[in-house]
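Everything on this sheet refers to the single structure shown next.
Every read-out reported here was derived from the displayed coordinates using simple, explicitly stated rules and does not represent laboratory data. Predicted model, so just to flag it, every value in this text is computed and none were measured. Using ideal geometry, Cβ is built from the backbone for each residue, glycine included, and neighbour counts are taken over all protein chains shown.
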Amino acid sequence: MTGGLEASEYDEPIAASSSDGGVIFVLENAQLEAAKVGKNYELLNCDDHANFLRRHNKDPALFRPDICHQALLAILDSPLNKAGKLKALYVHTAKNVLIQINPQVRLPRTFRRFCGLLVQLLQKLSIRATNGPDKLLKVVKGPVTKYFPPGSHRIGFSHSSKTLVSMHDWVLRPELAEGPLVFVVGAFAHGKIDDSYVDEYISISQFPLSAAYALGRITNALEQKWSII
């Protein structure tokens, strides 16, 4: 379990090697914003802070940190990650904060504990393991593209994309055999991801999918590709 908080300056993460293969995930536009509510700092969400958000002229419907929590668990719990194929994981927030997450971290399973962890992270800038010096989560300098290895394929996911694919077939394309894959998935209730660094957009269902379910499809397709059972 995470703990052992220690304040730090921004750290430079090590970019994934272009020879490693594997996959990098970026969760874009995540609504992770901490604010002082009463006497304590809290991670704002639509259920607990609707009145507070309205008083500050913000739309409560946009404040869905639970989407990011579920998406992170979908990635970190996957056999893909446990087999060592997850090379890097980033969360880019709506407030332009970039968070690097160690693939070996064990995130809290409950939403309330996740919120407490994120408040600590946004205040302290890093969270260390209780049993060692490793930083499990840390705020790093953007843009996220500076940490992508050369030759990476950057793919965004959007239900509105005109390119509808079967994920299991799509990952077998020959041009994807070399270099790591960068998958950019939105972690928000409404909006769109930053397309300034995406090479192509694809849709993996004729129906809108939650971020967590979409990530399940993505990780499952990659697990089959790499014979991870």
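Modelled spin labels at residue 176 and residue 73, positioned 7 Å past Cα toward Cβ, are 2.7 nm from each other. Extending 7 Å from Cα along the Cβ direction at residue 83 and again at residue 111 yields two label points whose distance is 3.2 nm. Roughly how many Å is it from the Cα centre of the range 184-229 to that of the range 41-86, as a whole number? The range 184-229 and the range 41-86 have Cα centres separated by 17 Å. Taking amide H positions as modeled 1.01 Å from N, with prolines and chain starts lacking one, the residues under 5 Å from residue 136 and 5 or more places away or on another chain are 127, 128, 129. If you take the square roots of the eigenvalues of the alpha-carbon gyration tensor of the range 15-81 and sort them as a ≥ b ≥ c, do you get rounded (a/c under 1.5), prolate (a/b over b/c) or oblate? It is prolate, given that a/c is not under 1.5 and a/b is the larger ratio. Relative to the longest principal axis of the Cα atoms of the chain, the long axis of helix 65-76 lies at roughly 40 degrees. Between residue 55 and residue 199, the contour length at 0.36 nm per residue exceeds the alpha carbon distance by 47.9 nm.
Size descriptors for the chain: radius of gyration and Dmax over Cα atoms are 17.4, 56 Å.
Quick one: angle between helix 111-124 and the longest Cα principal axis of the chain, in degrees between 0 and 90, rounded to 10, please. Helix 111-124 sits at roughly 80 degrees to that axis.
Computed from phi, the 3J(HN,Hα) profile of the range 198-213 under the Karplus parametrisation 6.51, -1.76, 1.60 (θ = phi - 60°) reads 9, 6, 7, 10, 9, 10, 10, 7, 6, 10, x, 10, 5, 4, 5, 5 Hz, with x in place of Gly and Pro. A simple count of charges around residue 219, restricted to other residues whose Cβ falls under 15 Å of its Cβ and scoring Lys, Arg +1 and Asp, Glu -1, yields +3.
Is the range 70-137 rounded, prolate or oblate when judged by the Cα gyration tensor, a ≥ b ≥ c being the square roots of its eigenvalues, rounded requiring a/c under 1.5 and prolate requiring a/b larger than b/c? Rounded is the answer for the range 70-137, as its axis ratio a/c remains below 1.5.
Can you return the lysines within cross-link range of residue 36? Criterion is Cα-Cα under 30 Å, with same-chain partners fewer than 8 residues away left out. Those lysines meeting the cut-off are 58, 95, 124, 135, 138, 141, 192. Here the chain carries DSSP beta bridges of which approximately 40% are antiparallel, counting only pairs with both residues inside.
Contact order for the range 47-110, expressed relative to its length and based on alpha carbon pairs under 8 Å spaced 6+ residues apart, stands at 21 percent.
Its DSSP H runs of at least 4 residues, each contributing -39,500 (n - 2.57), put the calculated 222 nm mean residue ellipticity of the chain at -7000 deg cm²/dmol, to the nearest 500.
In this structure, residue 192 and residue 141 have a Cβ-Cβ separation that, at R0 = 30 Å, corresponds to a calculated FRET efficiency of about 0.80.
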